[in-house]
Amino acid sequence: MSLLKMYPRPFYGWWIVLSAMLVTFAAGPGQSFMFTVFIDPIIEDTGYTRTMLSSIYAAGTVVSAAAVMIVSRLSDRFGPRLMLIIMGSIFGLACIALSAATGILAMAVALALLRGLGQGAMPVNGSLLVSQWFIVRRGRAMAIMGLGGAITIAVMPNLGQFLIEILSWRGAYFALGLMVWAIVLPIAILVIRNKPEDIGELPDGADSLPDDEIRRIQRAASGEKRKVLTSWSFWALAGPMAVPALVDTALIFHQVALFERQGLTAEVAARVFIPFAIASALTGLLAGFVVERTGPTPLFVANMAIFGVAILMLQVTSTGFLAVIYAIILGSAMGMQGIAVRYTWPYYYGRQGLGQVQGSAMMIMISATAIGPLMFAAVAENVSYAIAFAGMLGLLALAGILRMVIRIQPA
């Protein structure tokens with residue numbers, strides 16, 4: 001027996017998973033949990049009100065949503081590898097541009113790039129890579145990739161707070177831009193490959209493709225056009241999935257203010273991201289194995305319930321210990337959310353033309369993240385915090401019910 005048969009080469013897809021995990025980590029400077037520690041320093045430096053800054057953040061995010069859909073379609077055409085090289089370069093530049101922004105327009109443009117690339121294009125391309133390389137083991141591969149998000153949640157807010165203290169908020173974002181380039185560009189150039197067929201392998205390292213995947217390839221080869229934005233089944237999935245994006249972004253974007261309202265400090269708000277991240281990582285890993293057996297719908301419904309528990313817990317969070325409990329619950333919800341979202345689209349649509357589908361869905365989710373912080377701030381400041389929280393709970397309940405009632409069959 002040859003040594004090659006005794007010790008077969010490890011499946012290259014796991015290197016892709018590791019690369020996608022690092023890309024997800026590097027996307028942190030464009031995420032809401034990172035920006036939350038910059039809000040007060042930016043307000044102090046610029047004189048903007050909290051609502052004004054939320055509006056700039058929302059406007060930049062809305063503009064970026066359409067760009068994400070375009071970039072994802074380009075990924076279908078040119079491959080995620082090339083797009084990550086381009087997007088990683090622009091994302092680092094966007095961090096540096098934000099550090100130099102002096103007016104509302106410049107800040108809106110920089111935030112549009114940060115949100116569109118950090119929350120949208122880079123994680124989406126990482127997810128597209130994992131979806132191409134795995135089918136049967138896709139859930140666990142997505143879970144490992146999601147560890148990058150959990151690690152960045154634990155590291156980035158505290159790193160941001162540290163950099164702000166020694167460099168100012170502008171110097172901090174300049175340094176983060178250099179970090180993005182140092183992580184993303186070498187990985188994209190040297191390690192990433194678009195799909196297993198490019199190096200003579202098949203998804204999961206298997207000897208053959210599953211029958212469902214073969215049928216999807218045949219339909220794509222026949223020239224059958226896929227409906228996305230005009231398909232009711234797409235909206236039946238995308239609509240409910242936009243709700244947790246709206247809710248968690250509002251909670252995280254305003255976390256410092258919400259904690260201060262409960263008598264806690266900004267330092268506590270930043271430090272609880274560590275238990276938040278640990279809970280997110282552990283729950284995401286478990287969810288990755290569970291979703292391979294159950295499919296995404298039961299996971300999504302449970303996810304809505306846990307988000308609701310987190311909102312209720314926040315109302316009584318008045319000590320550091322309770323803040324940790326709240327962070328663990330919210331982190332668990334976001335860990336489940338990441339798996340449910342990333343697994344849903346390849347589960348229902350397969351690998352062919354997935355960028356078009358996932359990019360359209362991400363456009364909707366990013367739009368929801370733009371609305372969330374602004375809507376919450378407007379209702380909380382002009383009506384009451386109680387009504388703002390009640391509205392969130394109602395949306396979560398509606399999303400869970402819709403996913404239970406509406407049955408969608410995989411394409």
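The values are calculated or read from the model by the stated rules, or taken from the named source; none is laboratory data. For clarity, every value in this text was computed on a predicted model and none was experimentally measured. A quick note on method: Cβ atoms are made from the backbone with ideal geometry, for glycine too, and the neighbour counts reach across all protein chains shown.
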Residue 53: surrounded by 16 or more Cβ atoms within 10 Å (Cβ to Cβ) and over 30 Å from residue 229 (Cα atoms), yes or no?
yes
Picking from 79, 118, the residue that is surrounded by 24 or more Cβ atoms within 10 Å (Cβ to Cβ) and in contact (Cβ under 8 Å) with a residue 24 or more places away in the chain would be 118
Checking the conditions here, which among 97, 108 is more than 30 Å from residue 204 (Cα to Cα), at pLDDT 85 or above and hydrophobic (A, V, I, L, M, F, W, C)?
97
Let me confirm something: among 392, 365, 375, which residue is within 27 Å of residue 55 (Cα to Cα) and at pLDDT 90 or above?
392
Counting only residues in region 309-339 that are over 15 Å from residue 281 (Cα atoms) and of a type outside the set (A, V, I, L, M), the one surrounded by the most Cβ atoms within 10 Å (Cβ to Cβ) is identified as 326
Residues of region 291-336 being assigned to a helix (DSSP H, G or I) and touching a Gly at 6+ places or on another chain (Cβ under 6 Å), in sequence order, are 291, 292, 301, 304, 335
Consider residue 89 carefully, then state whether it is buried (at least 20 other Cβ atoms within 10 Å of the Cβ) and either within 19 Å of residue 180 (Cα to Cα) or polar (S, T, N, Q) (or both).
no
Is it the case, given these coordinates, that residue 342 is of a type in the set (D, E, K, R), surrounded by fewer than 20 Cβ atoms within 10 Å (Cβ to Cβ) and at pLDDT below 90?
no
Of 57, 12, which residue is in contact with a Lys or Arg (Cβ under 9 Å, 6 or more places away or on another chain), among the aromatic types (Phe, Trp, Tyr) and at pLDDT 85 or above?
12
Note down all Cβ pairs under 9 Å where the first residue falls in region 34-49 and is within 28 Å of residue 277 (Cβ to Cβ), the second is surrounded by 20 or more Cβ atoms within 10 Å (Cβ to Cβ) and of a type in the set (Ser, Thr, Tyr), and they're at least six residues apart or on different chains.
34/152; 35/57; 38/173; 39/54; 39/57
Failed criterion for residue 347 (all others in (1) more than 23 Å from residue 398 (Cβ to Cβ); (2) hydroxyl-bearing (Ser, Thr, Tyr); (3) in a helix (DSSP H, G or I) hold):
(1)
Please specify each residue of region 121-176 satisfying the condition of being crowded, with 22+ Cβ neighbours inside 10 Å, among the β-branched types (Val, Ile, Thr) and modelled with pLDDT under 90.
124, 152, 153
The lone exception for residue 102 - which of (1) hydroxyl-bearing (Ser, Thr, Tyr); (2) touching a residue at least 24 places away in the same chain (Cβ under 8 Å); (3) surrounded by fewer than 18 Cβ atoms within 10 Å (Cβ to Cβ) it fails:
(2)
Where the second residue is part of a helix (DSSP H, G or I) and at pLDDT 90 or above and the first is closer than 12 Å to residue 269 by Cβ and of a type in the set (S, T, N, Q) and lies in region 311-324, which pairs have Cβ atoms under 6 Å and are six or more apart or on separate chains?
317/323; 317/326
Taking the condition on the phi < 0 side of the Ramachandran plot, outside any helix (DSSP H, G or I), over 16 Å from the mean Cα position of the chain (by Cα) and not basic (Lys, Arg), does residue 352 pass?
yes
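So, of the residues in region 258-293 that are of a type in the set (Val, Ile, Thr) and modelled with pLDDT of 90 or more, which turns out to be farthest from residue 138 (Cα to Cα)?
Within region 258-293, the first condition is being of a type in the set (Val, Ile, Thr), and the residues that meet it are 265, 268, 272, 274, 278, 283, 290-291.
The next check asks that each one be modelled with pLDDT of 90 or more; those that pass are 283, 290-291.
Details: 283: 16, 290: 11, 291: 9 Å.
Only one residue tops the list, namely 283.
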